[in-house]
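The values are calculated or read from the model by the stated rules, or taken from the named source; none is laboratory data. Values in this document were obtained by computation on a predicted structure and should not be read as measured data. No Cβ is skipped: glycine too gets one built from the backbone with ideal geometry, and neighbour counts run over all protein chains shown. Note: accessible area is taken over every heavy atom of the protein model, side chains too, but ligands, DNA and RNA are not part of it. Shrake-Rupley method; radii C 1.70, N 1.55, O 1.52, S 1.80 Å.
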Amino acid sequence: MQTAEAPSKIMPRPMFKTQYENYIGGKWVPPIGGEYFDNQSPVDGSLIAKMPRSKAADVDLAVAAAQKAFETWSKTSATERSKVLLQIADVIEQNLEFLARVETVENGKALRETMAADLPLCVDHFRYFAGVIRAEEGSATELNADTLSLIIKEPIGIVGQIIPWNFPLLMATWKLAPALAAGCCVVIKPAEQTPTSLAVLFELLEGIVPAGVVNIIQGFGPEAGKPLAQHKGINKVAFTGETTTGRLIMQYASENLNPVTMELGGKSPNIFMKSVGDADDEFFDKCVEGAVMFALNQGEICTCPSRLLVHEDIYDKFIERVIARTKAIKLGHPLDPETMMGAQASNDQYEKILSYIDIGKQEGAEVLTGGGPADSVEGGYYIQPTIFKGHNKMRIFQEEIFGPVLSVTTFKDADEAVAIANDTLYGLGAGFWSRDAHELYTIPRQIQAGRVWVNCYHDYPAHAPFGGYKKSGFGRENHLMMLNHYRQVKNLLISYSKNKLGFF
Amino acid sequence: MTTQTTFRVDVTPAASDVIAKLKAENGPLMFHQSGGCCDGSSPMCYEDGEFIIGSSDVLLGQIEGCNFWMSSDQFEYWQHTHLTIDVTPGRGASFSLEIPMGVRFMIRSRLFEPDEAEHLAPVHVGPLD
C-alpha cells in the first residue's frame, strides 16, 4: 500500500526529562541557588531541557564528594577499576543509537557521525584504558646490593575537567577514562552549550561508577567553571578550549601549584604533494575525501584541516574534484541518517563563522563554493561548506574559524609547503599526502604539530597519542602516557643494610 | 583624506549596553581577544585585573573605558584590520562574564582604508605601569 507522502527518514528525537540536576556523590542534586538555564537544540532552536545553573557552593559540594570517594577509589585495584571502565563501555555500546541521537539533538552534528565516530570511539577509549592498566607495571631497580628503588604510580587526587561542546561525550571520555583508570576522582563541567548528553549517559551508568568518583557540575563558565579551576581542593586541571581561557586556567592553577593539561585548538595544514595527481585512481579519490574532511563535524574540530595546501602543478585538477565533492555534501536534518553535515552548535558560533566568511571576502579571498548560510531546518544554525582561495597571511588562514570553512593556497615545492604549514601560531594536527615513499617520512618530521596524519586524516584511535605543539597546548591524550598526567610517582628507596652510615 | 588618528577597536551600541550592565554588576572590566578552538577567536571579558597581562600582550585601545588586549603573535595577523566588538544572542562557553546573560561578545572586522592605515594609533606592549 502506498501513502501519499514518503515516510520521514528522520530518526525520532529522544525523550528528554524537562529538567536535569547536578550529579554529586552518586545523587542527582539540585543547584543550591535553585536556578536553571534553558538548553536549546541547535537543530531547530527547540528546548531540550532545563539545566542547573551552578555556582561556587555547588562546586564545593562536588569537590567534597570527590575527596570522600577518593579515600576508597584511590585504593582500588587495577582489576576493579578496569571492570568499571569495561562496564561503562558496555553500557555505551548497548545504548549507542540512543546516545547518538541525544548527542545529535544537543550538538547539531549529523547522526551518521555520532553513530559511526563519536559513540564507537567512546566505547573503545574506555576499553583501551581498562586494558592498559591491567598490563602496566611499576618498576624496581637495585641501585646497589643493599638499596632498592621502587617506582609506584599513585593517583594525583581530585581532577577538575572542563569539557568542550564539539564532541560532548567523546571529549568527556578522553578525559574521564584515563583519570578513572589512574584512580583519580573527578569533578567535570560540560560546556553550557551541550550539558545534557553527559547527564543522560550518567543516568544510564547508575550503580556502575561508585558514588563520588565522577561528579558533574552544570552551569556557566564564569559562575561554575572558574570556581572549579580555582578550587583549592583540586589537584589537577584538564582543559580543552581556547587560548585566553587556557592562560587564565594556568594562572589559577599556578595559585595552587597544580599541574594542568591543555588542548587549545589549531589551524591545521593539509598538504597534497605533486605525486597525488599521478593517477586518477582509488588513492586520488581518497585524497579528495581527505581534503573535504574540513566539513566533518561542521568544521567544529580542533584539528579541522582548514588550510589546504596543494602543489601548483596539480591544483586545477585537484581543486575541481574537491569542489565537486564539497558541493555533493548533503545538508539536512541532523537526525536524518543520510545527512552528511548538520547544524553549527550555537547561534554565536554561527554568527562568528559568518563574520569570518565576511572578512575572507573583504581580504580578497576568492569564494570557490559556498560562502553563506544554509537553510536546512528552520530555527537551526546551518552554514554552507565554504572554500576560499587566498594566501596564508589572510586572517581566514590564521584563525580557527571552527566552522566548515576551508582556505586553499598552492605551493611550488616541499620547502614552501613546510614553510606555509608551519607559519601558524598552532601545532595540533596536520595532513600529508603523497605517493613518494621517501617524503612520506621526511616531510612530516618537519611539520611542527603533535599529530601528522600521513595519507589519512581525522582518525583518532586509542593508543595513538594526541596533543599539541606551540599554542595548541600540551599533554597527550588517547594513550597510556595520559595516565601519567593524572598520577604522581612515588619512589620507595629501601635500604637492606644493617649498618649505620657513620655520619653521626 | 583624514589626518585624524585611527582607532583600532570600536564597539556597537548593543555591546555598549551589555558592557554597562556588566560594569554595574562587576566593576571595571577588561577584554582579551582569544584564539584557538571552541570559543576561540572570540573576545573575553573579565573583571579588570583578573587576567594577568604578560610582556607578550598588546593593548589595542579602549572600548567603553575597558582595555582591549591581544597576544602579540596574534596581533601580527590581525593588525591590518579594524575590530568592532558586537554582541549576539547565543550560549557561548568560556569564562567571559556576559555568558550567563545568554549573549556573547563577538568581533566584526573590516580592512583599514589606506588613509586610515597611515594614521593608526600606536599600540602599547606589555603590562601597564
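A few comments on the model shown:
- Projecting the alpha carbon convex hull of region A:34-167 along each direction and taking the average yields 11.7 nm².
- Computed from backbone phi, the HN-Hα couplings of region A:99-113 come to 5, 5, 5, 4, 5, 5, 5, 7, 9, x, 6, 5, 4, 5, 7 Hz, rounded to whole numbers (Karplus: 6.51 cos²θ - 1.76 cosθ + 1.60, θ = phi - 60°; Gly and Pro given as x).
- Projected onto their three principal axes, the Cα atoms of region A:200-250 cover extents of 38, 22, 18 Å, largest first.
- Chain A: relative contact order as a whole-number percent, Cα under 8 Å and 6+ apart: 19 percent
- The phi-based Karplus calculation (6.51 cos²θ - 1.76 cosθ + 1.60; θ = phi - 60°) puts the 3J(HN,Hα) values of region A:51-58 at 10, x, 9, 7, 10, 4, 5, 5 Hz, whole numbers, x for Gly and Pro.
- Candidate aspartates and glutamates for bridging to A:Lys490, where Cα separation is under 19 Å - those fewer than 8 sequence places away on the same chain excluded: A:Glu71, A:Glu136, A:Glu137, A:Glu142, A:Glu154
- On the basis of the beta-carbon distance and an R0 of 51 Å, A:Tyr441 and A:Ser497 show a calculated FRET efficiency of 0.50.
- In region A:91-239, the C-alpha radius of gyration followed by the widest Cα-Cα span (Dmax) gives 17.8, 64 angstrom.
- Amide H contacts under 5 Å for B:Gly36, placed H, 5+ residues apart: A:Thr243, A:Glu400, B:Ser41
- Expressed as a whole percent, the accessible surface of chain B that belongs to carbon and sulfur atoms is 52, based on a 1.4 Å probe.
- Applied to region A:229-238, the Karplus parametrisation 6.51 cos²θ - 1.76 cosθ + 1.60 on θ = phi - 60° returns per-residue 3J(HN,Hα) values of 5, 8, 4, 6, x, 9, 9, 6, 10, 10 Hz, with x for Gly and Pro.
- According to the Cα-based calculation, Rg over Rh for region A:365-504 is 1.23, with Rh computed by the Kirkwood formula.
- Mean projected area of the convex hull spanned by the Cα atoms of region B:69-129, taken over all viewing directions: 5.7 nm².
- Distant alpha-carbon pairs in region B:51-99 (separation over 16 angstrom), percent: 53 percent
- When all alpha carbon pairs of region A:184-325 are counted in 10 Å bins from zero, the resulting P(r) reads 10, 28, 22, 17, 17, 6, 0 %.
- Other-chain or far-sequence residues with amide H under 5 Å of A:Tyr36's (modelled H): A:Arg53
- Using equal-weight Cα scatterers in the Debye expression, the normalised intensity of region A:423-504 in log10 at q = 0.16, 0.17, 0.20 Å⁻¹ is -0.73, -0.79, -0.99.
- Every helix of 4 or more DSSP H residues in the protein assembly as shown counts as -39500 (n - 2.57), and over all residues that averages to -9000 deg cm²/dmol at 222 nm.
- Put simply, the amide H of B:Arg104, placed in the peptide plane, has neighbours under 5 Å in B:Thr88, B:Gly90, leaving out anything fewer than 5 places away on its chain.
- Largest to smallest principal axis extent of the C-alpha atoms in chain B, angstrom: 42, 30, 29
- Inter-label distance, A:Asn422 to B:Ser56: 1.7 nm, where each label sits 7 Å from its Cα along the C-beta direction.
- Computed accessible area, A:Val454, all protein chains, 1.4 angstrom probe, square angstrom: 50 Å²
- Across all directions, the shadow cast by the convex hull of the protein assembly as shown built on its C-alpha atoms averages 35.9 square nanometres.
- FRET efficiency, A:Glu206 to A:Glu137 (Cβ-Cβ, R0 22 Å, nearest 0.05): 0.05
- On Cα atoms only, tilt of A:119-135 relative to the major axis of chain A in degrees: 30 degrees
- Region B:38-110: relative contact order as a whole-number percent, Cα under 8 Å and 6+ apart: 35 percent
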